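The values are calculated or read from the model by the stated rules, or taken from the named source; none is laboratory data. Note that the structure is predicted; figures quoted are calculated from it, not measured. FYI the Cβ positions are ideal-geometry reconstructions off the backbone, even for glycines, and counts take in every protein chain you see.
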Amino acid sequence: MSANAVPGLAFEEALLFERSRPGRRGAELPASDVPRVDARALLGGLVRDDLPGLPELSEVDVVRHFTRLSTWNAAVDLGLYPLGSCTMKYNPKLNERVARLPGFAAAHPFSPAQHVQGLLALFHELEGLLAEIAGMDRVTLQPAAGAQGELAGIMMIRAYHEARGEKRSKVLVPDSAHGTNPASAALNGYQVVSVASGPDGILHPEAVAAAMDAQVAALMVTNPNTLGLFERHIAEICEIVHARGGLVYGDGANLNALLGIARPGDMGIDVMHMNLHKTFSTPHGGGGPGAGPVAVKQMLAPHLPVPLVARSRSGGFEWRSDLPGTIGRLHGQHGNVGMLVRAYTYILSLGAEGLRRCSEMAVLNANYLLARLAGTFHVPYPGTVMHECVLSDRNLAETGVTTLDVAKRLIDHGYHPPTIYFPLIVPGALMIEPTESESLEGLDRFADALLAIAEEARSEPETVRSAPHRTRLRRLDETLAARKPVLRWQPDDSSR
Amino acid sequence: MQRMLARTGHARVDELFAAIPAALRLARALKVPEGRSEQEVFQHLATLAAQNEHAQAGPWFLGGGSYAHFLPSAVDALVSRAEFTTSYTPYQAEISQGTLQAVFEWQSMLCALSGLDVTNASMYDGASATAEAALMAMRVTRRRKVAVAAGLHPHYRQVLETYLAGLGASLVTLSRGSDGRSAPAADALDDDTACLVLQQPSFLGSIEDLRAAADAAHACGALLVVGVAEALSLALLEAPGALGADIVCGEAQSFGVPLAFGGPHLGFLAARSAQLRQLPGRLVGQTVDADGRRGFVLTLSAREQHIRRERATSNICTNQGLCLLMATVYLALLGRRGLRELAELNLAKAEYAKSRVRQTRGLTLPLAAPSFNEFVIGLEGPAGRALERARSKGIVAGLDLAPFAPELGPCVLFCTTELASRESIDRAIALLAGVAS
């Protein structure tokens, strides 16, 4: 076992509701300075009796509860978190401090533009920076996550075709794509047509040409793709799609490989989202919030969501909604602004050279790990990768140890496992994205742990198959959870 | 670095990018300013922040779906723990139990507040949650028409229109009655209506008759979707689920989430267990580990895009995890009695403000329906001018309704949370009246 993690004391902690004691409270309200109102007398039957589903706890109860819960999580601040296509890079503390400034954190979305000029200026500048990084012309900051960005992008593509009197019915999606791609197309009423990757793991012009016809609205492509490979035929593929009147959507999930090195807009991509929580270091927060700004070429600009920030005649900034071709509004207000502030801070901190260096190091780290692990682990698509590499459990087949087991055993070594069983075209995939945040010795320790597990799969397969062993809880029964769903605590619950 | 390169079989970093055709490589540096020190970047951002008015600077009566409430110190202290902030989606349950248990606790509390059986692990915001609720109702009923009350937040309505545009669905609007509540629903509904979407309280603050709306919707086989923009109202008003709502969705920003210029906030979606399979978004469920000890996992993911792809219930692939955690901590701190008392305090402040309006010449209460912590004040002159006048005295005295409800004449939407002192209410109302004279 590597020295990355040692056994330690873990605390038990019940549910809030089980800790509850009648009469306790964790927040005192100020005394009222207005006449008391009898809600029931005023509102009658509109009023409810009580809130029996809420707990009663003191502040220290609550603080200990959540502090104990927090110790059960792996996190980037604790160590390597190599989830492929998620870009779990370090999140600088400055971003957090800046986002908490009251002028950002307590600003109200309905404040008139002239009273929130600092925010509008930030929006304007961030749009420009993201457009430059992506090689595109315009940007909307509204989408709250990459998937909502995809939705917006496909809607703009639909609006573009409709504005030309065309009604197209299909969207092409490579078989290596993230599940959000086909789901976003379907949510727009499109029929999804899968395009097979070639034997080398990338998309080939002939495959796209064969699937391409006048009914295809768009091709959605992730570059680098989910195998960590650069789609080297991308320019030709874009030309094929464009020649039949289609547009190309870029899934920006893997943009961390390309900052300052190549730009999707220069490849022929017409519209793309960027995941600020991946590439631009906003924290993942246990599942979100993210932010998914969408960048477009000029021909899609008439269809951007509204409102948009624009320079006003007085030299300041204003909101503009007078865009006849717009797809409409996508977010209740202006998007996940707190994330926009953090990403802007990150880009200013790194600058042009820092961004480029970030991608160079991310790609170097992925290739170094691949070099250390290849052979022991099967590499389905050999060669130089970009920011992530995909391995599989094929070389472990005779041991009976699977990718899931390897992932769970990594936990015992103190690592968050990589993304597993994705992309779907690689059976037993382990998708590893180390990011630029890791040092050489950190990568070596991680590689050592994976190699040790492969060895252990041969010498003590049962130990690997029953991992994890050093966590507070052992492997959890996901089948039971789905078969008999218990999705809330209830007072009569006796299943402890 | 040379050692690492050597291991990869390359001499220069440049070679790692050989797969990118030369014509596609950026031959110049990005036009992004040179990197700056932490101090310089902080000072630049602090300068931008200082150019924005905000709810901590003075009396604040602006709501309209985004509410200024007091944030207990423990919320940010706990949510700032890096184990919560810098983790991701809890796919690996054994090392994500902190996030998973917190989500389960949130789901439990939101079920209690909404009066329904199941809640997901959050949506982007109230607007997209409402759109997803309508899509869910269309899947459940296999119908294509959505009836929307005029009292739905105008931005929620716009987002709903955006989401429905590609699906051949039609939208009909249920008009507003003269007292602020929705007109009887029956006329807007027929046997192709998937759902009636009603906001409680409405955008203009009116408390709707949910039972009547539920009866009308159910009479023609439609679902009742209740949108909630001010989640604190759930602590005072009867649970929508208890009054017949089939889906309760909306915005829980009021539960300890900063205003942050409108996001990130906390969309939620609750439903009946019979419709569980059509629910979008992540769900956390209870299970046991190999030794039979209780634990939590993401579950029923066969509904989701990463498994079901184009046949998924939604394309959503994140949740508002950290905002959900803020709300869970907030509800735990306030608790069963504190949250109710807070809601009553909000109501009392609003009733006091209404009483002041009634005593003030030049101001009116155009809508007679009962309200919670937000209501409409009619003015004699343009609301924009009145609000600027109040701002010049350091008070943000509400939302100008001219773009949203021009038929009401000059008026503002006035919101009083626990932060509003009696004295500041008096001053704000005097300022709103002053401009009219």
*asked:* When you check A:Gly260 against the structure, is it in the same structural domain as A:Glu125 (by TED's automatic domain parsing), touching a Cys at 6+ places or on another chain (Cβ under 7 Å) and surrounded by 19 or more Cβ atoms within 10 Å (Cβ to Cβ), yes or no?
replied: no
*Is at least one residue of segment B:185-193 within 27 Å of B:Pro403 (Cα to Cα), at pLDDT 95 or above and not polar (S, T, N, Q)?*
no
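Could we say that A:Leu43 is surrounded by 14 or more Cβ atoms within 10 Å (Cβ to Cβ), at the interface with chain B (Cβ under 7 Å from one of its Cβ atoms) and within 32 Å of the chain's Cα centre (by Cα) here?
No.
Give me the residue from segment A:95-125 that is among the aromatic types (Phe, Trp, Tyr) and at the interface with chain B (Cβ under 7 Å from one of its Cβ atoms) and, out of that set, farthest from the chain's Cα centre (by Cα).
Checking each candidate, the answer is A:Phe110.
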_Can you name every one of the helices (runs of 4 or more DSSP H) wholly within segment A:414-496 that holds 2 or more residues which are surrounded by fewer than 17 Cβ atoms within 10 Å (Cβ to Cβ) and in contact (Cβ under 8 Å) with a residue 60 or more places away in the chain?_
A:440-459
*Which ones in segment A:53-77 are in contact (Cβ under 8 Å) with a residue 60 or more places away in the chain and among the β-branched types (Val, Ile, Thr)?*
A:Thr71, A:Val76
*Limited to segment A:150-193, what total is found for residues that are out of contact with any helix residue (DSSP H, G or I) (no Cβ under 8 Å at 6 or more places or on another chain) and either over 21 Å from B:Glu132 (Cα atoms) or among the aromatic types (Phe, Trp, Tyr) (or both)?*
11
*Go through (1) more than 7 Å from every other protein chain (Cβ to nearest Cβ); (2) surrounded by fewer than 13 Cβ atoms within 10 Å (Cβ to Cβ) and name the single condition B:Pro59 misses.*
(2)
*Considering B:Gly262, B:Gly250, which residue is in contact with a His (Cβ under 7 Å, 6 or more places away or on another chain) and under 22 Å from B:Pro201 (Cβ atoms)?*
B:Gly262
_Every residue in segment A:181-214 that is at the interface with chain B (Cβ under 7 Å from one of its Cβ atoms) and in contact (Cβ under 8 Å) with a residue 60 or more places away in the chain, please._
none
_Cβ contacts < 8 Å: first residue over 12 Å from B:Leu234 (Cα atoms), restricted to segment B:248-267; second residue modelled with pLDDT under 95, any location; separation 6+ or different chain. Result?_
B:Pro264/A:Gly288; B:Pro264/B:Gln320; B:His265/B:Gln320; B:Leu266/B:Gln320; B:Gly267/B:Gln320
*touching a helix residue (DSSP H, G or I) at 6+ places or on another chain (Cβ under 8 Å), under 30 Å from B:Arg181 (Cα atoms) and in a loop (DSSP other than H, G, I, E, B) - does that describe any residue in segment A:16-24?*
no
*Quick one: which strands (runs of 3 or more DSSP E) sit completely within segment B:266-356 and have at least 2 residues that are at the interface with chain A (Cβ under 7 Å from one of its Cβ atoms)?*
B:284-288, B:294-298
*Output the residue which, of all residues in segment B:388-402 that are touching a residue at least 40 places away in the same chain (Cβ under 8 Å) and more than 9 Å from chain A (Cβ to nearest Cβ), is surrounded by the fewest Cβ atoms within 10 Å (Cβ to Cβ).*
B:Gly394
*Which listed residue, of B:Ser424, B:Ser437, is surrounded by fewer than 22 Cβ atoms within 10 Å (Cβ to Cβ) and at pLDDT 95 or above*: B:Ser424
_Criterion first (of a type in the set (A, V, I, L, M) and more than 22 Å from the chain's Cα centre (by Cα)) does B:Ala222 satisfy it?_
yes
_So, in segment A:355-380, how many residues would count as being touching a strand residue (DSSP E or B) at 6+ places or on another chain (Cβ under 9 Å) and facing another protein chain (nearest Cβ under 10 Å)?_
4
*Can you spot a residue in segment A:78-91 that is aliphatic (A, V, I, L, M), part of a helix (DSSP H, G or I), surrounded by 23 or more Cβ atoms within 10 Å (Cβ to Cβ) and touching a residue at least 24 places away in the same chain (Cβ under 8 Å)?*
no
*Does A:Pro35 count as surrounded by fewer than 16 Cβ atoms within 10 Å (Cβ to Cβ) and facing chain B (nearest Cβ under 7 Å)?*
yes
*Give the residues of segment B:235-254 that are in contact with a strand residue (DSSP E or B) (Cβ under 7 Å, 6 or more places away or on another chain), crowded, with 24+ Cβ neighbours inside 10 Å, part of a loop (DSSP other than H, G, I, E, B) and not aliphatic (A, V, I, L, M), sorted by residue number.*
B:Asp246
